[in-house]
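Let me begin by presenting the structure, written as structure tokens, before commenting on it.
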Amino acid sequence: MRLSHPQKLFGQDRESLAEAYPGDVIGLNNPGAFAIGDTIYNGQKLEYEGIPMFSPELFAYLRNPNPSKFKQFRKGVNELREEGAVQIMYSADESKRDPILAAVGQLQFEVVQFRLQNEYGVETLLDPLPYSVARWVEGGWEALQKVGRLFNTVAVKDSWGRPVLLFRNEWNCQQVEGEHPELKLKKVAPVVSGQEPEAL
């Protein structure tokens, strides 16, 4: 990968450089190729475990009311997800293509909407969902299908296509776990390694 304009950072000072040494802090312009947790290396290929994603508590469909801005909307959503600004999920129903923003706090929603407006020129609408608990299903879609129909929950998929159950509250989650002990639910998303997330 050709790195353009690498800069050495020290306090408020910035200087362009062609060579860096252990301990140097450098800044790179991201052409959309880097994500949180990536490692730049020289020589033998390295691969570390990914960074875990914790259970969000707020969920909302992100709507693009202007179809002519879909390209900018898609680019903005994908780049903000790459940056880790917010988790993106999707309905398990393929006919619903609007992304679901999943966040820990309301401010994350506001930041995403502000940045989409100011950096990509896209106005968006939020359609809040009445859920506050997310759990990843251990064993994937096959494990979920074996259980059959679940009440007081909705199944969505995360950016890697894995099933996530959304519950209205902790009590609903515990109720499902009690009724289906064979269903193993996790608060933290399984770590992904060497697999690209689905793009919008």
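The values are calculated or read from the model by the stated rules, or taken from the named source; none is laboratory data. Just so you know, these numbers come straight off a predicted model, no measurement behind them. Glycine also receives a Cβ, built like all others from the backbone with ideal geometry; neighbour counts cover every protein chain displayed. Each accessible area value is taken on the protein alone, full model and side chains, heavy atoms only, with ligands, DNA and RNA left out. Shrake-Rupley method; radii C 1.70, N 1.55, O 1.52, S 1.80 Å.
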Toy charge model, Lys and Arg Cβ at +1, Asp and Glu Cβ at -1: the chain dipole around Cα centroid in debye, rounded to 20, equals 460 debye
Contour minus end-to-end for Ala92 and Lys45, with contour as 0.36 nm per residue of separation and end-to-end as the Cα-Cα distance?
13.4 nm
Calculate how steeply helix 170-179 sits against the longest principal axis of the alpha-carbon atoms of the chain, using the helix alpha-carbon long axis, and give the answer as 0 to 90 degrees to the nearest 10.
60 degrees
Calculate what fraction, in whole %, of the accessible area of the chain sits on carbon and sulfur atoms when a 1.4 Å probe is rolled over the protein chains.
51 percent
How do 150-163, 9-22 rank on mean C-beta neighbours within 10 Å, highest first?
150-163, 9-22
Using only alpha carbon pairs under 8 Å that are at least six residues apart, calculate the relative contact order of the chain and give it in whole percent.
22 percent
Any chance you could give the angle, 0 to 90 degrees and rounded to 10, that helix 106-120 forms with the longest Cα principal axis of the chain?
50 degrees
Which residues qualify? For Arg168, with a placed amide H closer than 5 Å and at least 5 residues away or on another chain, they are Ser132
Cα-Cα P(r), region 116-200, percent of pairs per 5 Å interval
3, 12, 22, 21, 15, 11, 9, 4, 3, 1
Calculate how steeply helix 70-83 sits against the longest principal axis of the alpha-carbon atoms of the chain, using the helix alpha-carbon long axis, and give the answer as 0 to 90 degrees to the nearest 10.
80 degrees
Could you do me a favour and compute the accessible area per residue for the chain, 1.4 Å probe, result in Å²?
64 Å²
Among (i) 97; (ii) 124; (iii) 162, the entry matching volume of the Cα convex hull per residue in Å³ as calculated here is (iii)
What lysines could a cross-link reach from Lys75, if we take a straight Cα to Cα line under 27 Å and drop same-chain neighbours fewer than 8 places away?
Lys96, Lys157
